[in-house]
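K.L.:
One structure, as structure tokens, below. Some questions next.
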Amino acid sequence: MTRDIKTVGVIGAGQMGSGIAHVCSLAGLEVFLSDINEDRIHAGLATINGNMARQVAKEAITDSERQAALGRIQPALSSEDLADCDLVIEAATENEQVKRKIFKDVCTSLKPDAILATNTSSISITRLAASTDRPEHFIGIHFMNPVPVMQLVELIRGIATEDQTFEAAKAFIGKLGKTATVAEDFPAFIVNRILLPMINEAIYTLYEGVGSVEAIDTAMRLGANHPMGPLQLADFIGLDTCLSIMQVLHDGLADTKYRPCPLLVKYVEAGWLGRKAKRGFYDYRGEKPVPTR
Ligand SMILES: NC(=O)c1ccc[n+]([C@@H]2O[C@H](COP(=O)([O-])OP(=O)(O)OC[C@H]3O[C@@H](n4cnc5c(N)ncnc54)[C@H](O)[C@@H]3O)[C@@H](O)[C@H]2O)c1
């Protein structure tokens, strides 16, 4: 029988974690949201509130649904607060050491049959699972950004993931009204295996002076019918996350075609991480985004 998921823990209250908490609470699930400190959790809650208010303004949800959903999200100040969760989704920074440390810490508090999932964009599910006490109850549940808007979720089994875990994760995605697609456990799975080399190539195109930020984004929006230009999209994803995914592809597949563009490395070193840092390929500090090159 498929385990029913009613209570969800979300670790990391950044762009993705807040989005995951948002959709879970609107679907009627109880949510515990954690981060490295209370301020970050409250920043995540403020983002959720703002995004739900926008949905109310667009009449996608009612104000009482917004209030009820917000009432279902509680801050989790330590891993003990996640003890009642049926499913815990890790959505912290894309760094293997950070994620391993989180799993080591959280596993001691979880129910024995609780499912542990990661929202990693690229890191091996099998390797992350092996660092936990429950590889059979471990799975990749990869949401897309922004979570409330994007329909797709990739499900990735590790080598030890049990069918029951997979079925429970699939039913959970269904409950959120989203569509699951299955990817094998290879670096960056399906969407980012295809998307990130395109973004990296767009950054090489900028680096080599083939076009300006504006020219490249306009070219791909109007010439390939992409809803967003690749540099705008890179800023949206976060340039640190983009670099990290390219490094995982480069290391994991050992092919020079995945070499991260030096200009991407430079932006990350400058702390110009995209929208979340208010500066990346565009400067977001003014009223309208202005290209930085
Ligand atoms: N940004 C995207 O488009 C996107 C899409 C799909 C998946 N992802 C994946 O989701 C994850 C999070 O990405 P994001 O864009 O939300 O990043 P983000 O930088 O917006 O948020 C990461 C959050 O994790 C928190 N964090 C760091 N260490 C922690 C710890 N030890 N315990 C608890 N919280 C911790 C940070 O304080 C931060 O609030 C990454 O694995 C990323 O690859 C990102």
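The values are calculated or read from the model by the stated rules, or taken from the named source; none is laboratory data. Owing to the predicted nature of the structure, the values given are computational and were not obtained by experimental measurement. FYI the Cβ positions are ideal-geometry reconstructions off the backbone, even for glycines, and counts take in every protein chain you see. Protein only, heavy atoms only, side chains kept; ligands, DNA and RNA dropped before computing areas. Shrake-Rupley method; radii C 1.70, N 1.55, O 1.52, S 1.80 Å.
K.L.:
Quick check on region 1-14: of everything there that is farther than 12 Å from Asp35 by Cα and surrounded by fewer than 24 Cβ atoms within 10 Å (Cβ to Cβ), which residue is farthest from the ligand (Cβ to nearest atom)?
P.N.:
The extreme case among them is Met1.
K.L.:
Among the residues in region 102-112, are any closer than 21 Å to Glu154 by Cβ, more than 14 Å from the ligand (Cβ to nearest atom), in contact with a Cys (Cβ under 8 Å, 6 or more places away or on another chain) and at pLDDT 95 or above?
P.N.:
Checked against the condition, which is being closer than 21 Å to Glu154 by Cβ, more than 14 Å from the ligand (Cβ to nearest atom), in contact with a Cys (Cβ under 8 Å, 6 or more places away or on another chain) and at pLDDT 95 or above, region 102-112 yields no hits at all.
K.L.:
Against the conditions (1) of a type in the set (Lys, Arg); (2) within 16 Å of the ligand (Cβ to nearest atom); (3) at pLDDT below 95, where does Arg193 fall short? Just the number, please.
P.N.:
Only one criterion in (1) of a type in the set (Lys, Arg); (2) within 16 Å of the ligand (Cβ to nearest atom); (3) at pLDDT below 95 is unmet by Arg193, namely (3).
K.L.:
Take Ala43 and decide whether it is buried (at least 24 other Cβ atoms within 10 Å of the Cβ) and within 11 Å of the ligand (Cβ to nearest atom).
P.N.:
Details: buried (at least 24 other Cβ atoms within 10 Å of the Cβ): no; within 11 Å of the ligand (Cβ to nearest atom): yes.
No: the conditions fail for Ala43.
K.L.:
Here's a follow-up. Just name the residue that is farthest from the ligand (Cβ to nearest atom) out of those in region 114-163 that are outside any loop (DSSP other than H, G, I, E, B) and out of contact with any helix residue (DSSP H, G or I) (no Cβ under 9 Å at 6 or more places or on another chain).
P.N.:
Here is the first cut: in region 114-163, the ones outside any loop (DSSP other than H, G, I, E, B) are 115-118, 125-130, 135-143, 152-157, 163.
With out of contact with any helix residue (DSSP H, G or I) (no Cβ under 9 Å at 6 or more places or on another chain) added as a condition, the list becomes 125, 130, 163.
Values: Ile125: 12, Ala130: 18, Asp163: 25 Å.
Here the answer is Asp163.
K.L.:
In region 257-275, which residues are among the charged types (D, E, K, R) and not in a helix (DSSP H, G or I)?
P.N.:
Result: Arg259, single match.
K.L.:
Please enumerate the residues belonging to region 252-290 that are under 21 Å from the mean Cα position of the chain (by Cα) and open to solvent by 70 Å² or more (accessible area, probe 1.4 Å).
P.N.:
Across region 252-290, the qualifying residues are Trp272, Arg275, Lys276, Lys278.
K.L.:
Another question about this same structure. Quick check on my filter: what residues within region 276-287 are touching a strand residue (DSSP E or B) at 6+ places or on another chain (Cβ under 9 Å) and assigned to a loop (DSSP other than H, G, I, E, B)?
P.N.:
If the condition is that a residue be touching a strand residue (DSSP E or B) at 6+ places or on another chain (Cβ under 9 Å) and assigned to a loop (DSSP other than H, G, I, E, B), then Gly280, Phe281, Tyr284, Arg285 are the ones that fit.
K.L.:
Any residue at all in region 238-249 that is surrounded by fewer than 15 Cβ atoms within 10 Å (Cβ to Cβ) and modelled with pLDDT of 95 or more?
P.N.:
no
K.L.:
I would also like to ask the following. In this structure, is Leu233 in a helix (DSSP H, G or I), within 16 Å of the ligand (Cβ to nearest atom) and within 21 Å of Glu96 (Cβ to Cβ)?
P.N.:
no
K.L.:
Now for a different question. What helices (runs of 4 or more DSSP H) completely inside region 1-106 contain at least 2 residues that are touching a strand residue (DSSP E or B) at 6+ places or on another chain (Cβ under 8 Å) and touching a residue at least 60 places away in the same chain (Cβ under 8 Å)?
P.N.:
In region 1-106, 15-26 are the helices (runs of 4 or more DSSP H) which contain 2 or more residues that are touching a strand residue (DSSP E or B) at 6+ places or on another chain (Cβ under 8 Å) and touching a residue at least 60 places away in the same chain (Cβ under 8 Å).
Each row is one residue, and each column tells you yes or no for (1) surrounded by fewer than 23 Cβ atoms within 10 Å (Cβ to Cβ); (2) closer than 29 Å to Ser109 by Cα.
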{"residue": "Pro135", "(1), (2)": "yes, yes"}
{"residue": "Ile139", "(1), (2)": "no, yes"}
{"residue": "Ile156", "(1), (2)": "no, yes"}
{"residue": "Gly177", "(1), (2)": "yes, no"}
{"residue": "Asn192", "(1), (2)": "no, no"}
